[in-house]
Structures are given as structure tokens and as C-alpha cells.
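Here, each number is a calculation from the coordinates, and none is a lab measurement. Just so it is clear, the model here is predicted, and its values are computed rather than measured. All Cβ positions, even for glycine, are placed from backbone atoms using ideal geometry, and neighbour counts span all protein chains on display.
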Amino acid sequence: MYTLYSMQRSGNCYKVRLALAQLAIPHRLVEVDILKGDTHTPDFLAKNPNGQVPLLEVAPGRYLPESNAILWYIAGGTPLAPEDRIVRAEALQWMFFEQHAIEPNIGAAYFWLALVKGGRELQQHALEDWMEDGYRSLGVMEKQLTGHRFFAGERYSIADIALYAYTHLAHECDFDLSRFPAIRDWLERVAAEPSHVRMDFTPLPAAAE
């Protein structure tokens with residue numbers, strides 16, 4: 001059985017929990033609080049020297065970090081991971097986009113404005129750049145979604161899961177989505193997918209094997 005080291009309010013961790021739920025994959029969940037330094041203890045750093053969550057234990061003593069890499073691992077061979085060569089490349093394209101355009105801006109704004117006490121004051125110098133670059137990235141997503149229901153191959157996939165995680169939190173960190181009707185419609189479609197779970201969902205403990 002997989003063990004997922006995760007923080008409940010982390011968007012990157014939510015991606016993995018959402019995919020695990022939608023694929024009905026049993027797993028053990030270990031809550032890790034990055035705000036308390038839990039990822040920088042000697043024990044955790046022995047598992048992931050990068051000191052980040054999510055972290056998936058795929059076999060005893062074997063750990064896989066990085067949220068989007070974990071998505072590809074757990075979704076392989078399922079409808080959430082495209083098999084067609086070009087559609088798979090499109091999914092990767094949007095997952096790379098999520099990591100270099102959404103996570104560093106909307107994700108960073110969410111972390112400092114919604115999770116860290118006093119974060120707005122601490123990061124006041126960065127807010128303007130986050131907002132400018134975040135809105136630019138949302139504009140790219142809006143253009144794509146104006147002619148497409150989903151991001152890769154016209155069907156729901158891990159590319160949508162990756163982009164949904166922080167985009168659906170944008171309103172919690174000062175981003176106004178009222179100007180992005182296609183994104184709002186897409187958010188509703190993602191939330192309506194079978195076995196969708198909210199970010200605050202906590203699964204029942206899995207039975208030990």
C-alpha cells in the first residue's frame with residue numbers, strides 16, 4: 001500500500017490526494033506540517049533530501065517526490081493518463097506550464113496570503129509580480145479553454161488535476177476570476193467529475209494489508 005506524506009492545505013499535495021481518490025487507490029495518509037518545519041527533520045530529509053511534500057512511498061523505503069511526477073506514476077495505465085502520443089505530450093505541456101507559470105505565482109500568493117500569518121506584510125514586495133504574472137497565466141488558460149472543455153485531448157486528465165489545484169484557490173489570494181468565464185466553467189466541470197473530493201476532504205484510514 002502506498003503511503004502519502006501530505007499537507008492538507010497544500011495545492012501540490014491536493015493534486016495527488018484528488019487523483020488517488022478518483023482512481024480509488026488505497027493509501028495511508030501522513031499529515032506533514034511544512035509551517036512547523038516537519039519536512040526538515042532528519043527523518044524526513046532521509047526520505048526526500050529536497051524537504052518537500054507531497055512525497056509518495058511507492059514501496060518500502062522507496063520514495064517518489066514532485067507532485068506531477070507522482071500523478072504520472074499513479075495514473076499510468078488509467079484513463080487519467082493519456083496514451084496517445086500527442087495527447088500525452090499536450091498533458092505534459094500543460095503540467096510544465098502549471099509548474100512554471102501557476103505554482104510560482106498563484107501558488108506562492110496562496111501560500112503567503114492564505115497560510116502564513118503576516119505573510120502579506122512579509123511578501124508585500126513580491127505581490128505585484130505575483131498578480132501580474134498570475135493574471136497573465138490565467139489569460140493563457142482562458143484562451144485555451146475558450147475552445148476546449150479540458151486541457152489535453154478533450155477529456156479530463158491529470159493535466160486538469162494539476163492545473164485545478166491552485167487555480168481553484170485563486171480567489172483566496174486576491175485573484176478575481178470574474179473576468180475568466182471559461183476558467184470558471186472548467187472549474188465547475190472538474191468539480192463535477194466522478195469521485196471528485198474537495199481539498200478539505202479527509203479519507204477514512206485505509207485497512208492495513
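Given H placed 1.01 Å from N in the peptide plane, which residues other than close sequence neighbours of ASN48 have an amide H under 5 Å from its amide H?
The list, which skips near neighbours in sequence, is empty: none.
Could you line up SER10, SER137, SER178, SER195 from fewest to most neighbouring Cβ atoms inside 10 Å?
SER178, SER195, SER137, SER10
From the alpha carbon gyration tensor of the stretch 2-75, can you work out the equivalent ellipsoid semi-axes (sqrt of 5 times each eigenvalue) and give them in Å, largest to smallest? Walk me through the numbers before you get to the answer.
Values: eigenvalues 71, 36, 20 Å².
Taking √(5λ) for each eigenvalue gives 19, 13, 10 Å, largest first.
So how do LEU127, LEU71, LEU35 line up by other beta-carbon neighbours within 10 Å, fewest first?
Going from sparsest to densest Cβ surroundings: LEU35, LEU127, LEU71.
Counting only other residues whose beta carbon sits under 12 Å from that of GLU31, what net charge do I get with K and R as +1, D and E as -1?
Working: positive: ARG9, ARG17, ARG28, LYS36; negative: ASP33, ASP38.
So the environment of GLU31 carries a net charge of +2.
Please list the equivalent ellipsoid semi-axes of the chain, computed as the square roots of five times the alpha-carbon gyration tensor eigenvalues, in descending order and whole angstrom.
Taking √(5λ) for each eigenvalue gives 26, 23, 15 Å, largest first.
Each residue of the stretch 180-197 in order: what ³J(HN,Hα) in whole Hz does its phi give by Karplus 6.51 cos²θ - 1.76 cosθ + 1.60, θ = phi - 60°, with x for Gly and Pro?
Coupling constants for the stretch 180-197: 10, x, 5, 5, 4, 5, 5, 4, 5, 5, 4, 5, 8, 5, x, 6, 4, 10 Hz.
Test of understanding: ordering MET199, MET141 by Cβ neighbours within 10 Å, fewest first, what list do you get?
MET199, MET141
For q = 0.19, 0.20 Å⁻¹, what log10 I(q)/I(0) does the stretch 92-199 give under the Debye formula with an equal point scatterer on each alpha carbon and no solvent?
-0.94, -1.03
Roughly how many nanometres apart are two label points built 7 Å out from the Cα toward the Cβ at ALA126 and LEU23?
3.1
Grab the beta carbon distance between HIS171 and VAL30, set R0 = 25 Å, and tell me the FRET efficiency rounded to 0.05.
Details: r = 29 Å, r/R0 = 1.17.
Taking R0 as 25 Å, the efficiency between HIS171 and VAL30 is 0.30.
Please give the length that would be gained between LEU113 and VAL140 if that part of the chain were fully extended, namely 0.36 nm times their separation in residues minus their C-alpha to C-alpha distance (nm, one decimal).
7.4 nm
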